Amino acid sequence: QFFAEGEISELWITFLDPFPRDGDEKRRLTSPKFLDMYKPMIQKNGLVHFKTDNTGLFEYTLELVKSREDIEVLAFTHDFYQSEMRDDHHGIKTRYEKTFSDKGEKIKYLKFRFK
């Protein structure tokens, strides 16, 4: 335990290993196991932000959060830098985000909260 219950107002999950092989879904940081771990740490109405270049991981995560009754999807895009959401992020890019953007990869973004 590193965080107390309700201690986190926003959680950013960015450019994680997609674990693309069959059977590795449970290792993804957006799998049900990890979402259930995050939920008690996040304040009521706290936000979870997810960014990735990996389409498979993004689709997996988007489908998963949409299927859960305890999660409200607030926004998502398949092309973050061509969306109006980019203005809310102060131009901050991780090293991986810059690498993938420079290669022409579209950055996917998802914002949700636990109910």
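Throughout, read-outs are computed from the coordinates displayed, never taken from laboratory work. All values derive from a computational prediction rather than experimental measurement. We place every Cβ from the backbone using ideal geometry, glycine too, and count neighbours over all the protein chains shown.
Tilt of helix 55-67 relative to the longest C-alpha principal axis of the chain, in degrees (0 to 90, nearest 10)?
Tilt of helix 55-67: around 30 degrees.
If you bin the C-alpha pair distances of the chain every 10 Å from 0, what whole percents do you get?
Cα pair-distance distribution for the chain, in percent: 13, 46, 35, 7.
Run the numbers on the range 8-114 and let me know its relative contact order in percent, using alpha-carbon pairs under 8 Å that are six or more apart.
That works out to 35 percent.
If neighbour count is taken as other Cβ atoms inside 10 Å, put Thr55, Thr77 in order from fewest to most.
Thr55, Thr77
In sequence order, what are the phi-derived ³J(HN,Hα) couplings for the range 39-47 according to the Karplus relation 6.51 cos²θ - 1.76 cosθ + 1.60 with θ = phi - 60°, rounded to whole Hz, with x for glycine and proline?
Each residue of the range 39-47 in turn: 3, x, 7, 8, 4, 4, 6, x, 10 Hz.
At 222 nm, what value in deg cm²/dmol follows for the chain if DSSP H runs of at least 4 each add -39500 (n - 2.57) and the sum is divided by all its residues, to the nearest 500?
-7000 deg cm²/dmol
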